[in-house]
Amino acid sequence: MQALYAHFQSESPDLYKTEKDLFSSLDKLYELYLYKILFLLELADVDRTYAMDSQLKHRPDANDLISKGRFFDNRIISAITDDTLFAKLIKDKKISWQKDIDQVKKVFKEFRNTPEYLEHINISDRTVAQEKDFLIWVYKKFLSDNELLEAHFEDKSIFWSEDQKFIDTMVIKTIKAIKEGQTGTVLMAQFRDPEDDVDFCRDLLRGTIRNDKDFETEIAEKTKNWEVERIALMDIILLKMSLSEILNFSAIPVKVSINEYIDISKDYSTPKSRVFINGVLDKLVTDRKNKGDIKKSGRGLME
């Protein structure tokens, strides 16, 4: 979607460059996922250092005295730390927080003073479920809106500020999927099926660009009652992408495609986009069905 937005905004659009930018952005997106996973481990490592320093204090504070189990003892964190694929990926991609360790320490200072952290480290015999729940809280309620981290990621990539919510969802899914005593990789793969997924991305991109003028004419006919200048460009792009997917991917149900792009509009377009896209798509799909243009290879895929 972002690659298409840049393509259509360009004064001299180039398909080869757009494809290259698309797959480069997908790689960067996965790097953000790895950065966020690694940050969790770095946070735990700072906690470990703090705990060791606390043991050397002549006058430990109240939190040092009552702590029953530190954050770094979390078994989910241990499973990620022991993941050899994760270790290889961050090494190969040169992903590290060492140059920005002061950022980690600043976030930890905020983190260790939250009631949730203090409650968690004082639970005796924590269950894996409790450890998962706490890590999910860390991402949903603490890290996702942390100004220091948001600024850090924005400095690294202008696109990452838009992608952080999505990546937080990936991290949470990763945490939920880890089982007690799990060995081997615990990461989500960049692609479920590398060959098929890469082909899908490329074909969707090419199909949308190839049929751009036809789609634009078709959409214009169905939006005569709308003021064209008030229609968000992102909505137009999403409509073109959805048409491309519905017409060119016979194994994807029509309803799945429609719902997918309505959901995307909630995060990336205007508050009214959901209703607009749903209404226009309904008209577009009805016309295409009547013309016999939509071919699906399976029962129920036309619904």
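The values are calculated or read from the model by the stated rules, or taken from the named source; none is laboratory data. Since we're looking at a predicted model, the values are computed, not measured. Heads up, the Cβs are rebuilt from the backbone with ideal geometry, glycines too, and the neighbour counts pull from every protein chain shown. We work out accessible area using only protein heavy atoms, side chains counted, and drop any ligands, DNA or RNA first. Shrake-Rupley method; radii C 1.70, N 1.55, O 1.52, S 1.80 Å.
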Grab the Cα-Cα distance for ASN146 and ASP287, subtract it from 0.36 nm times how many residues apart they are, and report the gain in nm with one decimal.
-> 46.1 nm
On the full set of protein chains, 1.4 Å probe, figure out the accessible area of LYS266 and give it in Å² to the nearest 10.
-> 120
Stretch gain in nm, segment SER10-ARG210, where the contour uses 0.36 nm per residue and the Cα spacing is subtracted | 70.4 nm
Given LYS88/LYS109; LYS99/LYS141; LYS36/LYS141, the pairs whose alpha carbons are separated by over 20 Å = LYS88/LYS109; LYS99/LYS141
Against the globular-protein guess of 2.2 N^0.38 Å, express the Cα radius of gyration of region 95-208 as a ratio, rounded to two decimals.
-> 1.32
One computes Rg over Rh for region 63-135 from alpha-carbon atoms, with the Kirkwood Rh, and obtains 1.03
Euclidean distance of C-alpha centroids, region 72-111 and region 214-276, integer Å = 39
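If a/c stays under 1.5 just call it rounded; otherwise compare a/b with b/c (prolate if a/b is bigger, oblate if not). Do that for region 193-251, with a ≥ b ≥ c from the square roots of the Cα gyration tensor eigenvalues.
Prolate shape, in that a/c is at least 1.5 and a/b is the bigger ratio.
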Any idea what angle helix 212-222 forms with the longest principal axis of the chain, computed on alpha-carbon atoms, 0 to 90 degrees, nearest 10?
-> 80
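What number comes out for accessible area per residue over region 181-258 if the probe is 1.4 Å? Units Å², please. Write down the numbers at each step before the final one.
Details: 4380 Å² over 78 residues.
On a per-residue basis, region 181-258 sits at 56 Å².
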Distance in nm between pseudo-label sites at ARG48 and GLU260 (7 Å out along the Cβ direction from Cα) = 4.1
Enter the angle in degrees (range 0 to 90, nearest 10) between the Cα long axis of helix 160-177 and the first principal axis of the Cα atoms of the chain, meaning the one along which they spread out most.
-> 60
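Can you pull the percent of Cα pairs in the chain with separation above 30 Å?
On the way: 21031 of 45753 pairs.
Cα-Cα pairs of the chain separated by over 30 Å account for 46 percent.
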Loop sites in region 83-118: trypsin sites (Lys or Arg not before Pro), DSSP, at most 16 other Cβ within 10 Å | LYS93, LYS94, ARG112
With only helices counted (DSSP H, runs n ≥ 4, each -39500 (n - 2.57)), the per-residue ellipticity at 222 nm for the chain, to the nearest 500, works out to -21500 deg cm²/dmol
To the nearest 10 degrees, how steep is helix 194-210 against the longest Cα principal axis of the chain, on a 0 to 90 scale?
-> 40
Dimensions in Å of region 216-283 - Rg and Dmax from alpha carbons | 11.4, 35
For LYS91 and ASP73, extending 7 Å from Cα along the Cα-Cβ vector and measuring point to point gives, in nm, a value of 3.1
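Assuming R0 = 25 Å, what is the FRET efficiency of VAL198 and TRP137, from their Cβ-Cβ distance, to the nearest 0.05?
0.10
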